[in-house]
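Working notes, structure below.
The values are calculated or read from the model by the stated rules, or taken from the named source; none is laboratory data. Predicted, not measured: the structure shown is a model, and the values here were computed from it. Cβ coordinates were reconstructed from backbone atoms using ideal geometry, including for glycine residues, and neighbour counts include every protein chain displayed.
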Amino acid sequence: MKKLLAVVLAVAMLLGMVSIASAEEPVVLKVASIWSAETEANRAPMLKTLAEFEEAHPEIKLEVEWYEANAWKDQGETLALSDSLPDVFYWNAGGVLWNLVSSGDILALNDYLTDDIKDQLIGGALANMTFDGKIYQLPYTNACSCLYCNTELFDKYGVKIPETLDELYAAVEAFKAAGVTPMALGGGDKWPTNMYTDLITLRFVGDEAARACYYKTEGATFMTQDWIDGMAAFKKLIDLGAFPDNAIELTRDESEVPYFNGEIPMYVHGQWFSGSLSAEMQQKVKAVKFPAVGKGYDNQWMGGPAEGFSVAAYTQHPDEAFIACQFLAQHQSDNGFECGAGLPAWKTEVQCGNPVMNQIAQQVAEGDSLLLWGNTALSGADADLIGATVYDVLAGTITPEQWCEDMETIFGK
Amino acid sequence: MKKKWTVGKILTQVFLIIWLFLCLFPLYWMFTMSLKDTNEIFGQNPVGLPTKWLWENYASAWGGGGRISNYMVNSVIDTFISLAFTSLLGFMCAYGLMRMKWKGQKVVYTYILMGMMIPMHAALYPLTEILMTLTKTHWALIIPYVAFNIPITILILSGFITNIPFEMEEAACIDGSNIYRTAFTIILPMMVPALITAAIFVFLQVWNELLLASLFTTDSVRTLTVGIKQMSGQYQTDYGSMGAGLVIATLPTLILYMCMSSQVQKSLIAGAVKG
Amino acid sequence: MKRVLSNKWSIMVFVLPTVLFFTYIVIIPIFKTLWYSLLNEIPAKIGDASHFTGLEHYITMFTPGRRNPFPGAVVNSLLYAALSIFVQLPFSMLIALILANGAKGESMYRNTFFIPVVISSVVVSLLWGRLYKGLLPQIFESLNWEVPKNGFLGNPQTKIWLSFVPSLWQYVGYHMLLMYGALKSIPEDVIEAATVDGASGAKLAFRIQIPMIKPMLKVCLSFSLIGSFKLFDTPWVLLERSNRDLPALSMYVEMFTNHNYSYASAQAIFIVLECLVFTVALNILFRDRDERNLRRRKELT
């Protein structure tokens, strides 16, 4: 009898230990993040976010794998093909997200997104991450593009910061005459050129027509005079010599070096560029809305929340993955804004120390609308095409009309 | 007999010196680039000696953002393991194909050699299907590297092995050793020159490989070639450190080559002549 | 002993693992690529909508159109092959001949000329990139020469040719060394006999030395040809993002940027075919000559 009691006690203890052990076993989630380089503006905030998560959620352990942004794009797609994406991962929104959603790799988060959580997001935050009413990503940053003006150079040469397109042309000519390259452009990477063309064409075409094209809705077309005028306006910038002559062979990084050195006064680029400016430059640079054209679309912006964190559809721990996904998105939004790496996508009381970023945040909050860039809304071959075609316009091998013809092919000839 | 300096000889030397300069200039340039800061590289002083010797560029390339040290270790691991397996499998297969007697020897030999005409890129997508689950490990690269370098290895080893007289096996047989012992303890040591030759060919292929390495590695197993390419995107304002990274990446192979240059050259020639 | 050497089990142990491994990693994937190239798109991407379409992708590949760079890419790869065969190899031969015939500083030159080969091709590409974008324009400007419009690597006329230069430059030493070795292994007495007969310099080279190293030339030619069609590393680093002006680049973009896996597979198969065709052509070319030489020698004796 005593022996039986001893055995029962031992078994009970064992079971108890096992259950305690398993209860204390943290859930391990695999996470993929970009910003593997020390120089990335978002890396420090992300490390802070991860530390905050560790403190707030000891029951969930995150195994983070860091990648370089372009490399992750390629690898993520390939992992998706064999259904081996990590539990929580960084991804772009728009067409790039749709790629994975349509092949069933992403978990829809609707069930987890209570109204309470949704209220904490800024207006329209989920527009580019929702397909058929289902939400597939939570944004950590809002994006937009604007014109960065080095006021020191403008003052030195007595040029006015342009508010209309004509003033922009005048500024370009004035700088050119003084022997200064007016605008920076990394044509070799193609998407920096899209930064320019998307904004210019937006001023001519309007966000409704542009949205229809980039989202390939019924009846959308590139073959309108507005599109041609928009691309012609870009061509005029090229012909006036706004960009370095070899802009087309420069990578984005190479093209920004003269800007950082105070040699080039103007640059159209995303809001993240404000985070790349040195403290000294931040005092000199003024971020302004892209110049007006007068067709009624002048307070429209390119951008919108276009990056965030998604959850893999085949994750073993969907509940925990959602907690991680939401925490990472929200806290990265705060931390990133605080140190000037990006604009917040979640409502926040945090202030940013970067004056340029604050200028942008202020202006975009007063904007009429935000439209996702063509090369993010489109996907696959279409996204490649819009990069290749603007490359050709920059090289001078196709005309604005031909650009429209080539882009029209995305609708299936 | 004194060698006279004819016009022809002078022109020849000039020609050789020009090509020598063209071969070495990039090295000199890379070294000076690594010690300058970005402004010098881009504008004021691209070619000359650095005005200030910024040795700290090396620190930032090695540790900090560069992670060159990790990538180099990975490259070394991948290359050596690939070499080991290629040599082992290549030797065993070459032995079986050339020393043993069976029907179908020629067919299998030709079959494997046809593989030399197939570049790795051509099988890229199906390879991703097989290897994608292994990307966190070194095997994702080692497996294709070994497989695609087996044909050239077998080509080189077979060339050598046919020159070894069959008396070796006969003697061993009389001594009572089995075929495995004969192959590994008698024939293999005689093959060392050939193995070195094959190893050099394979080394040049594997160490430098870029395409598969960029697709099948995660950061922890990333190799040097991918790391260097990444560097060009990471060092936004710091081209000097990128230069330092390039120097660090190149130095080991250069040093290895200079120590072994005569051996490398002899083997390369011998291998190609016999093959 | 014959029994030992024909023992089926040991043969299998020696040969089978390698053959199986090779088949699984090299041969089967190639056939899979071939199969994928004959579908409209792979099942992993579009599930049941995947079906057999035969040679449709191959026809699309070569349908001319402003947005189809593949025919141009094939032409570029042939250009590279031509440059390699008619410029790089003769140049390597010239250096090999000079050194093999005993120029001053022979071994020093030989050692140094091989150095580019051991440098990583990524390093080579990045260095040449800085050269094309930074140093060369400055040199041109100081000499008052005109820089091509859009820069060396941006100008559509020059950028492809210039992206070839780094890899051509890099491997001169490789071919040179192989040819040098072959030249050095020509028996001394043959050279002496020819010199006595009055042959020297060019005549010696063309009549005696080059013909005698034909096997090595064949090796160099096949390395060169196959390398030309699969050229990827250097142009990838030098040219703009998603450039499709070479077959391997085009295949990569189609696969990883455009996600047209079947179409990319068709391009991959085409590259393999190019290699096969030219290797066979090379073999035929050299076999004819060998047979003709054999016949000629028989006639002389």
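Considering each of A:34, A:60 in turn, give the residue that is more than 24 Å from the chain's Cα centre (by Cα), in the same structural domain as residue A:106 (by TED's automatic domain parsing), among the hydrophobic types (A, V, I, L, M, F, W, C) and at pLDDT 80 or above.
Result: A:60 is the single residue among A:34, A:60 that is more than 24 Å from the chain's Cα centre (by Cα), in the same structural domain as residue A:106 (by TED's automatic domain parsing), among the hydrophobic types (A, V, I, L, M, F, W, C) and at pLDDT 80 or above.
Quick one: which of B:218, B:185, B:133, B:223 is under 21 Å from residue C:252 (Cβ atoms), among the hydroxyl-bearing types (Ser, Thr, Tyr) and surrounded by fewer than 24 Cβ atoms within 10 Å (Cβ to Cβ)?
From the options B:218, B:185, B:133, B:223, the qualifying one is B:218.
Check A:288, A:311 and return the single one that is over 21 Å from residue A:37 (Cβ atoms) and surrounded by 24 or more Cβ atoms within 10 Å (Cβ to Cβ).
A:311
Based on this model, can you work out whether residue A:321 counts as in contact (Cβ under 8 Å) with a residue 40 or more places away in the chain, on the phi < 0 side of the Ramachandran plot and within 14 Å of the chain's Cα centre (by Cα)?
Considered against the rule, which asks whether it is in contact (Cβ under 8 Å) with a residue 40 or more places away in the chain, on the phi < 0 side of the Ramachandran plot and within 14 Å of the chain's Cα centre (by Cα), residue A:321 comes out as no.
How about region C:23-77: which of its residues are without any contact (Cβ under 8 Å) to a residue 12 or more places away in the chain and within 29 Å of residue A:389 (Cβ to Cβ)?
C:46, C:49, C:59, C:62, C:63, C:64, C:65, C:66, C:67, C:68, C:71, C:75 - these are the residues of region C:23-77 that are without any contact (Cβ under 8 Å) to a residue 12 or more places away in the chain and within 29 Å of residue A:389 (Cβ to Cβ).
Just checking, which of C:120, C:107 is over 22 Å from residue C:231 (Cβ atoms), at pLDDT below 85 and facing chain B (nearest Cβ under 9 Å)?
Result of the check over C:120, C:107: C:107.
Mind checking which residues of region C:124-165 are under 20 Å from residue A:248 (Cβ atoms), at the interface with chain B (Cβ under 9 Å from one of its Cβ atoms) and touching a residue at least 40 places away in the same chain (Cβ under 8 Å)?
C:125, C:126, C:128, C:129
Among the residues of region B:116-131, write down those that are free of Cβ contacts under 8 Å to residues at least 60 places away in the same chain and assigned to a helix (DSSP H, G or I).
Across region B:116-131, the qualifying residues are B:116, B:117, B:122, B:123, B:125, B:126, B:129, B:130.
Take the residues of region C:262-290 that are more than 21 Å from residue A:375 (Cβ to Cβ) and hydroxyl-bearing (Ser, Thr, Tyr): which is nearest to the chain's Cα centre (by Cα)?
Result: C:279.
Looking at region C:71-83, can you tell me whether even one residue there is farther than 30 Å from residue C:163 by Cα and aliphatic (A, V, I, L, M)?
Looking for residues that are farther than 30 Å from residue C:163 by Cα and aliphatic (A, V, I, L, M), one finds none in region C:71-83, hence no.
Tell me yes or no: at least one residue of region A:49-63 is within 14 Å of chain B (Cβ to nearest Cβ) and either surrounded by fewer than 22 Cβ atoms within 10 Å (Cβ to Cβ) or part of a helix (DSSP H, G or I) (or both).
yes
Considering each of B:83, B:97, B:113 in turn, give the residue that is touching a Phe, Trp or Tyr at 6+ places or on another chain (Cβ under 7 Å), assigned to a helix (DSSP H, G or I), modelled with pLDDT under 90 and of a type outside the set (Phe, Trp, Tyr).
On inspection, the qualifying residue turns out to be B:97.
So that you can scan it fast, the table gives a plain yes or no per residue for (1) closer than 17 Å to residue C:258 by Cα; (2) within 14 Å of another protein chain (Cβ to nearest Cβ); (3) in a helix (DSSP H, G or I):
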| residue | (1), (2), (3) |
| --- | --- |
| A:325 | no, no, yes |
| A:331 | no, no, yes |
| A:340 | no, no, no |
| A:359 | no, no, yes |
| A:375 | yes, yes, yes |
| A:385 | yes, yes, yes |
| A:389 | yes, yes, yes |
| A:398 | no, yes, no |
| A:402 | no, yes, yes |
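Just for region A:64-109: of the residues that are out of contact with any strand residue (DSSP E or B) (no Cβ under 8 Å at 6 or more places or on another chain), hydroxyl-bearing (Ser, Thr, Tyr) and buried (at least 17 other Cβ atoms within 10 Å of the Cβ), which one is farthest from residue A:139 (Cα to Cα)?
Top of the filtered list is A:78.
When region A:252-271 is examined, which residues are found to be within 19 Å of the chain's Cα centre (by Cα) and within 12 Å of chain B (Cβ to nearest Cβ)?
Residues satisfying the conditions are A:252, A:253, A:256.
In region A:285-344, how many residues are basic (Lys, Arg) and either closer than 27 Å to residue A:256 by Cβ or modelled with pLDDT under 90 (or both)?
The number of residues fulfilling the criteria is 2.
Restricting to region B:132-155, give me the number of residues that are part of a helix (DSSP H, G or I) and more than 9 Å from chain C (Cβ to nearest Cβ).
Summing the residues that are part of a helix (DSSP H, G or I) and more than 9 Å from chain C (Cβ to nearest Cβ) in region B:132-155 gives 12.
Residue-wise test of (1) away from chain A (no Cβ under 13 Å); (2) surrounded by 21 or more Cβ atoms within 10 Å (Cβ to Cβ); (3) of a type in the set (Asp, Glu); (4) within 27 Å of residue C:92 (Cβ to Cβ).
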| position | (1), (2), (3), (4) |
| --- | --- |
| C:211 | yes, no, no, yes |
| C:236 | no, yes, no, yes |
| C:254 | no, yes, yes, no |
| C:265 | yes, yes, no, no |
| C:268 | yes, yes, no, no |
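Do we find that residue A:352 is of a type outside the set (Val, Ile, Thr) and either surrounded by 24 or more Cβ atoms within 10 Å (Cβ to Cβ) or touching a residue at least 60 places away in the same chain (Cβ under 8 Å) (or both) in this structure?
Spelling it out, it is not the case that residue A:352 is of a type outside the set (Val, Ile, Thr) and either surrounded by 24 or more Cβ atoms within 10 Å (Cβ to Cβ) or touching a residue at least 60 places away in the same chain (Cβ under 8 Å) (or both).
Please work out if residue A:72 is closer than 28 Å to residue A:252 by Cβ and in a strand (DSSP E or B).
Answer is no for this residue.
For the condition of a type in the set (Gly, Ala, Ser) and loosely packed, with under 14 Cβ neighbours inside 10 Å, what is the one hit in C:107, C:121?
Answer to the check: C:107.
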